[in-house]
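Since the structure comes first, as structure tokens, the remarks are kept for the end.
Taken together, the values in this text are just the output of simple stated rules run on the coordinates, not laboratory data. Predicted model, so just to flag it, every value in this text is computed and none were measured. A quick note on method: Cβ atoms are made from the backbone with ideal geometry, for glycine too, and the neighbour counts reach across all protein chains shown.
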Amino acid sequence: MNAPIIQARGLRKRFGKTEILHGLDFTVPAGRIYGLIGHNGAGKTTTLNAVLGLTQCEGEVSVLGMDPFANRARLMQQVAFMSDVASLPRYLRVSELFDLIEGIHPAFSREKANAFLQGTDVRPRAKIRTLSKGMVAQLHLAVVMAIDARLLVLDEPTLGLDITYRKRFYRRLLEDYMTEDRTLVITTHQVDEIEFMLTDVIFIKEGRIALDAPTEEVAERYAQLVTSGDNASKAAALKPIYTETRFGQTVMLFDGADREALEALGEVTSPSLSDLFVALMDRTTYNAEPASSNERAAQ
Amino acid sequence: MKSEIALLKREFLEHRAMFLYAPAILIGLLIVIMVGGLLFGDANPEGDGPPNGETVMRVGLMINIAVWTGLGVVALFFYYADAFSADRRHNNMLFWKSMPQSDLKILGLKAASSLAVFMPILFVWAAITGIVIYLGFIGVGFKFDHHFAPNPLSALLIWIEAGLSGIIFMVLSVLWYAPVLAWVAGLSTVFGRWSIPLAFIIPGFVVLMERLYLINRDAEPVIANFLAHRLDGETGTESLEADIVSGSLDSIWNGLAIYVQGYDWIGMVGGVAFAVAVVYLASEYRRRLVII
């Protein structure tokens with residue numbers, strides 16, 4: 001069996017007296033596309049920073065067999081990373097950026113980068129500071145995809161981009177970059193947009209892993225029931241993990257429930273990741289909302 | 001070497017305005033002033049006949065090198081007041097951290113760029129200024145019929161002599177001021193743009209404390225004297241300055257020899273060691289604590 005690309009055991013991170021990560025355990029095998037999903041402040045970026053060697057944590061982290069914090073520079077020869085903010089040096093022209101990366105990254109291919117820019121409005125002589133946000137994202141994506149890396153880490157790569165850019169971004173990522181030798185870890189709030197491409201999903205809730213499973217297993221394990229009337233009362237007895245009402249119907253999510261029993265009570269489907277996210281990641285906020293009539297109906 | 005050259009090149013690209021464009025503007029102004037003086041000036045130099053052209057040329061080029069070196073050190077001070085924290089601007093740090101280059105290498109090359117990139121550029125500007133100065137001497141000669149400028153061959157030899165000795169002078173000057181430059185660079189790693197005031201306030205406070213401690217005590221202020229020695233420019237150059245002013249210096253090499261003999265080599269080595277330590281500590285700070 002191939003060695004895992006990422007392995008974390010008891011990963012903890014504190015900022016002052018506040019613990020952000022509470023001992024995460026997870027393993028990312030090669031050739032998979034992992035979605036790291038959670039609320040703002042859940043610990044996604046801190047987890048990625050630990051994996052990329054950008055911050056020191058308690059516990060054990062191994063990426064491509066290396067301690068990332070001790071070997072960041074060496075690790076980055078095989079890892080490409082794109083953050084949630086535009087981080088390319090703005091004082092350079094596009095061609096100067098490619099010159100620079102060609103000099104400092106042995107796995108970067110200028111030809112590939114130029115090819116990935118085909119079909120965009122990014123000109124080689126353009127100064128990066130004059131490019132629009134979408135064009136900078138396209139340029140950065142071209143840069144990371146032109147790096148022959150074993151692990152690609154994308155932290156909210158489409159944040160703030162319009163739907164056209166986002167669709168094109170993920171299409172190019174899948175069609176032009178992903179192979180069975182490469183592993184992708186991606187974080188985003190826009191779960192619906194990446195659901196189709198994920199092979200595995202990790203939900204992080206307040207610094208703890210709420211779910212870590214292949215998407216196929218998620219589809220088998222969780223069931224969504226749409227029902228109404230007396231059947232809703234009968235279904236509530238089967239202990240759904242989440243209940244809400246939509247347009248007069250009751251929607252319930254079950255973990256590991258008997259599908260045949262559920263089908264007798266209404267329409268059963270596999271929940272989307274965003275439905276599952278809402279169900280599993282529901283939490284108490286500091287400024288709590290007053291109880292809604294259509295939520296937590298079963299409670 | 002490929003990555004080192006690429007990183008040095010990016011320092012040039014990021015700071016070309018300060019070291020390429022600004023000197024070009026200065027030289028342009030110099031030419032405008034010189035041409036204006038020749039066209040409209042009427043101050044005919046008086047004296048006991050035309051001066052010794054070679055001596056005037058020699059002294060002129062030495063002053064030229066000294067001025068460009070001084071400007072260079074001041075420009076480097078402002079460069080280092082920003083360079084070690086510049087990668088944090090516009091979230092650039094995330095890009096640099098995604099590249100397979102260590103923080104020590106990146107900061108080490110920023111430290112080396114003073115001698116590897118910026119001073120060589122300023123040296124070229126100094127050499128160009130030397131040519132402008134010579135053309136100015138010829139112009140003065142034509143205007144006032146005082147043809148004191150040396151012939152082109154002699155001028156070329158003096159220019160080369162001044163250039164070679166100027167390289168040594170520039171290198172030694174940067175090495176002498178390396179701890180001062182490293183001090184402001186180290187502060188910028190932690191405090192960003194506050195590094196400039198802090199670079200003066202912290203030693204000023206220490207000197208003040210020393211002065212207060214020494215009130216009513218019969219002792220020399222060690223820290224104040226040390227800092228004054230570092231900032232003073234190093235060496236026993238009084239006799240060299242006297243020779244330059246009196247015009248008795250017959251060779252730039254002799255001037256350089258006087259300069260080098262009076263040089264505080266132990267102080268220079270100690271200063272460079274301090275600078276190396278600061279760069280290492282700054283790189284560890286950046287590696288451990290700076291993400292964005």
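Brief remarks follow.
- Here the Debye sum runs over all C-alpha atoms of segment A:1-152 as equal scatterers in vacuum, and log10 of I(q)/I(0) at q = 0.09, 0.11, 0.19 Å⁻¹ comes out as -0.34, -0.51, -1.16.
- Whole-Å semi-axes of chain A's equivalent ellipsoid (Cα gyration tensor): 39, 22, 18
- With a Förster radius of 51 Å applied to the beta-carbon distance between residue A:231 and residue A:2, the computed FRET efficiency rounds to 0.60.
- Amide H to amide H, with H built 1.01 Å from N, residue A:30 comes under 5 Å of A:5, counting only residues 5 or more places away or on other chains.
- Calculated on the Cα set of segment A:6-81, radius of gyration then Dmax: 12.1, 38 Å.
- Alpha-carbon Rg with Dmax, taken over the protein assembly as shown, Å: 33.5, 121
- Cβ-based net charge around residue A:72, under 9 Å, with every Lys or Arg adding one and every Asp or Glu removing one: +2
- Cα-based shape type of segment A:86-140, given that a ≥ b ≥ c are square roots of the gyration tensor eigenvalues and the cut on a/c is 1.5: oblate
- Simple rule: put +1 on each Lys or Arg Cβ and -1 on each Asp or Glu Cβ in segment A:218-281, find the dipole, and look at A:227, A:243, A:265; the Cα lying farthest toward the positive end is A:243.
- A Förster radius of 56 Å, combined with the Cβ-Cβ distance separating residue B:131 from residue A:274, puts the computed FRET efficiency at roughly 0.20.
- Pairwise label distance in nanometres, residue A:246 with residue B:274, each label 7 Å out on the Cα-Cβ vector: 6.9
- Computed over chain A with a Gaussian network model linking Cα atoms closer than 10 Å, the most mobile of A:251, A:278, A:51 is A:278.
- Between residue A:71 and residue A:40, the simple label model (points 7 Å from Cα in the Cβ direction) yields a spacing of 3.7 nm.
- Reach of residue A:17 by Cα under 25 Å, taken over lysines that are not fewer than 8 positions away in the same chain: A:44, A:205
- Cα gyration tensor category, rounded, prolate or oblate, for segment B:69-172 with a/c compared to 1.5: prolate
- Annotation: amide H of residue A:204 within the under-5 Å range of A:37, A:38, A:210, sequence separation 5 or more or interchain, hydrogens built in the peptide plane.
- Kirkwood Rh and Cα Rg combined as Rg/Rh, segment B:176-238: 1.06
- Here the label points at residue A:130 and residue B:4, each 7 Å from Cα along the C-beta direction, are separated by 3.5 nm in the simple model.
- Chain A - mean residue ellipticity at 222 nm from DSSP helices (-39,500 (n - 2.57) per run, n ≥ 4, rounded to 500): -7500 deg cm²/dmol
- Segment A:200-284, Cα convex hull volume normalised per residue, Å³: 93
- Of the beta bridges in the protein assembly as shown, as assigned by DSSP with both residues counted there, near 65 percent are antiparallel.
- Once Rg and the Kirkwood radius are both taken over the C-alpha atoms of chain B, their ratio Rg/Rh works out to 1.04.
- Cβ-Cβ FRET estimate between residue B:18 and residue B:215, R0 fixed at 30 Å, reported to 0.05: 0.10
- Acute angle (nearest 10 degrees) that the helix B:152-176 long axis makes with the longest principal axis of chain B, alpha-carbon atoms: 20
- In terms of its Cα atoms, segment A:205-255 spans 37, 24, 21 Å along the principal axes, sorted from long to short.
- Computed magnitude of the charge dipole of chain A (debye, nearest 20; Cβ of K, R +1, Cβ of D, E -1): 1340
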